Amino acid sequence: MQLWTVIWMNLRSLPGRLAATSVAVIGIGGVVMVLVATLAMSQGFKAALNVAGASDIAVIVRGGSSGELASNLSDAEAKVIEDAPGIARDAHGPLVSPEVYVLVDLPMIGSGTAANVPFRGVGPHATALRSHFKLVAGRLFAPGLDEVIVGRGAASQFRGIRLGQPVRFGTKQWTVVGIFEDQGSVTESEVWTDVHVLQSSYRRGSGIQSVRAQLLAPEATERLSSALKADPRINVAVATEKAFYSEQSRALVTLVTTLGSAISLVMGIGAVFGAINTMYAAVAARTREIATLRAIGFSGGAVLASVLVEALLIGVAGGVLGGLLAYVGFDGYRASTLNFQTFSQLTFAFSITPAVLTTGILYSVVLGLLGGLWPGYRAAHMSVTAGLRSL
Amino acid sequence: MSEPLVQVRGVRKEYRRGTEVVPVLDGLDLDIQAGDYLALMGPSGSGKSTLLNLLGGLDQPTSGTIRVGGTSIEGLSSNELASWRASHVGFIFQMYNLLPVLTARQNVELPLLLTPQSKAERTHRADAALALVGLSDRANHKPAELSGGQEQRVGIARAIVTDPELLLCDEPTGDLDRKSGDQILDLFDALNREAGKTIVMVTHDPRAAARARRILYLDKGVLVREEA
């Protein structure tokens, strides 16, 4: 009972201290905004790479190559892969897509600086192997023609790839005939054409870089992998698409998460000092009131709790403010960055999930409580006799 | 004769100012009988407020013992003292020390929040205490809407609402005009004579002190004189 009274009384006097209080709220809010935005960014990466990553699709590249770019497989090797066990088939043969992967230069829309955009030649099963694939404008490229379709992410980030417009890649002029989406996945950062057209345009002969294959079941990966490993004719690495993409982005996700957390931590320390300052001022303004309550018989614990509750509310208010700012400012915002593992530009959308917001608000609560702890302790242990005389 | 309500034996109180030790009370002995009305007088720095704070358990003596109502309070922890104060002592301050965000009734009710009483009981007792000091019609006013004399009467109602044996008053009329001060002193008279409250009052004002049954003069931390 005495606890609630002291807390309630403290909050009643809050309006008189609004200016100092809002400084602390804004301080914590800024920190939370940065934290939430960074988490939303790495969440966006993960989403882009996770959606693309199915666990019943295998990606097969040359053994020892770190990704598609460094891989190469001959026509004969591709045939061996297509005939391996564990791969699904229909009436016309195995459900696989031999793919060629090159990088092309395109200026970014914002800065105009050149970025590496993945240009992928795909087989006829390619769209079926990406379960979220959907054309949103135009049509699919016609096999054998110099036509491309571009991902929604690429279309929004790079200049010069507009529907119906010609674009120059390598030695050729291409026409953009369609725009596709893939639930925001990494695939949306790419430009696609017919694999055979790309092979001849870039003088690849019949060589490819990777094979995507529909597995009979996720468990078939093992079978496929051991069968191909045992085959002396080829040397390949098999991974599910999910594992493949998460490996491709691990360094980037780690970097962003680590950097973001470090920045939030340093900013958080600053915000705690701001909160401490505010709570000291709050306690100082109430010195006589607190001393009077203590003289009447209220416990030091109740006083400490009242300061902590105020600090907690400041923290939560800051957390909500920061989360809201981040949400309004960043949620769904599309950006792109270089994935230095694949040397290609990865487009992604900032994704502020409930988990990200919860983390931000929890952090703000911790910041607020840390700010209130020492001033609250001091208030609970101050000299009652001196406090009674203060004005 | 029964044990006095307040028994002070050999109480010393020193303050540290840097490395210097400043004695404020120097081996003080004092008995206060239940129902007594005592005025403490003396120049600034004589130790009278310090003595009052020690009697009320707001401060601890450097050495010596203080018994109030049979309890030795010099050994209690700060939280034990707080709950002891809640039920045994009523404080009345020079600057009233009302909480500005609360109404008169809520201010008076405050000490009752430390008791297990229900909301209805608390309101009833707070209203009774306000009636006793003649402020029933001001129960819903905030301190800022009251005159100094009225504020001090709310302060008195707050001090007596838990029915403590001992009322400790630190310059209760020091900030009031003469008429309001007299009203306060009349109230103390009534509380002492009719309700049997034991009152200890620190004052600079000889007119206020003259209303008490005993006047004690302190100087440099020792009792120098007593008038009845």
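The values are calculated or read from the model by the stated rules, or taken from the named source; none is laboratory data. Being a predicted model, the structure only gives us computed values, none of them experimental. Cβ placement follows ideal geometry from the backbone for every residue including glycine, while neighbour counts extend to all protein chains displayed. All accessible areas refer to the heavy atoms of the entire protein, side chains included, with ligands and DNA or RNA removed. Shrake-Rupley method; radii C 1.70, N 1.55, O 1.52, S 1.80 Å.
Some notes on this structure:
- The condition of being within 14 Å of another protein chain (Cβ to nearest Cβ), of a type in the set (Gly, Ala, Ser) and under 30 Å from A:Val6 (Cβ atoms) does not hold for A:Gly270.
- Residue selection: A:Phe141 satisfies the criterion of being among the aromatic types (Phe, Trp, Tyr) and not in a strand (DSSP E or B).
- Taking the criterion of being more than 9 Å from chain A (Cβ to nearest Cβ), in contact with a Pro (Cβ under 8 Å, 6 or more places away or on another chain) and within 14 Å of A:Thr5 (Cβ to Cβ), the only residue of segment B:86-116 that qualifies is B:Asn107.
- Restricting segment A:86-131 to residues that are surrounded by 14 or more Cβ atoms within 10 Å (Cβ to Cβ) and among the basic types (Lys, Arg) leaves a set whose member that is nearest to A:Leu224 (Cα to Cα) is A:Arg130.
- Of all residues in segment A:6-36, those satisfying the criterion of being within 14 Å of another protein chain (Cβ to nearest Cβ) and either touching a residue at least 24 places away in the same chain (Cβ under 8 Å) or at positive phi (or both) are A:Val6, A:Ile7, A:Met9, A:Asn10, A:Leu11, A:Ser13, A:Leu14, A:Gly16, A:Arg17.
- Tallying residues that are crowded, with 23+ Cβ neighbours inside 10 Å and within 8 Å of chain A (Cβ to nearest Cβ) within segment B:54-85 yields 4.
- Pick from segment A:345-385, criterion of a type in the set (Ser, Thr, Tyr) and farther than 30 Å from A:Thr38 by Cα, ranking: farthest from the other protein chains (Cβ to nearest Cβ): A:Tyr377
- Of the helices (runs of 4 or more DSSP H) lying entirely inside segment B:117-208, the ones with 3 or more residues being open to solvent by 60 Å² or more (accessible area, probe 1.4 Å) and within 23 Å of B:Leu52 (Cα to Cα) are found at B:178-193.
- Condition check for A:Ser246: at pLDDT below 85, farther than 20 Å from B:Val101 by Cα, open to solvent by 10 Å² or more (accessible area, probe 1.4 Å) and assigned to a helix (DSSP H, G or I): yes
This table checks each residue for (1) in contact with a Lys or Arg (Cβ under 7 Å, 6 or more places away or on another chain); (2) under 29 Å from A:Ala239 (Cβ atoms); (3) open to solvent by 10 Å² or more (accessible area, probe 1.4 Å).
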residue	(1), (2), (3)
A:Pro166	no, no, yes
A:Trp174	no, no, no
A:Ser189	no, yes, no
A:Arg212	no, yes, no
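- Filtering segment A:190-209 for residues that are touching a residue at least 24 places away in the same chain (Cβ under 8 Å), in a helix (DSSP H, G or I) and of a type in the set (Asp, Glu) leaves an empty set.
- Flag if A:Arg223 is assigned by TED's automatic domain parsing to the domain that holds A:Glu68, part of a helix (DSSP H, G or I), among the basic types (Lys, Arg) and open to solvent by 40 Å² or more (accessible area, probe 1.4 Å): yes
- Unmet requirement for B:Tyr217, which otherwise passes all of (1) open to solvent by 40 Å² or more (accessible area, probe 1.4 Å); (2) assigned to a loop (DSSP other than H, G, I, E, B): (2)
- Residue within segment A:43-57 that is part of a helix (DSSP H, G or I), in contact (Cβ under 8 Å) with a residue 60 or more places away in the chain, away from chain B (no Cβ under 14 Å) and polar (S, T, N, Q) present: yes
- Residue that is farthest from the other protein chains (Cβ to nearest Cβ), among those in segment A:301-331 that are under 30 Å from B:Leu52 (Cα atoms) and either open to solvent by less than 10 Å² (accessible area, probe 1.4 Å) or free of Cβ contacts under 8 Å to residues at least 12 places away in the same chain (or both): A:Val307
- Pairs, first in the same structural domain as A:Val365 (by TED's automatic domain parsing) in segment A:244-273, second assigned to a helix (DSSP H, G or I) and open to solvent by 50 Å² or more (accessible area, probe 1.4 Å), C-beta under 6 Å, six or more apart: A:Val256/A:Met41; A:Val272/A:Leu370
- Matching residues, segment A:273-291, being of a type in the set (Val, Ile, Thr) and within 14 Å of chain B (Cβ to nearest Cβ): A:Thr287, A:Ile290
- Subset tally (residues that are within 25 Å of A:Ser299 (Cβ to Cβ) and either modelled with pLDDT of 80 or more or open to solvent by less than 50 Å² (accessible area, probe 1.4 Å) (or both)) for segment A:9-20: 6
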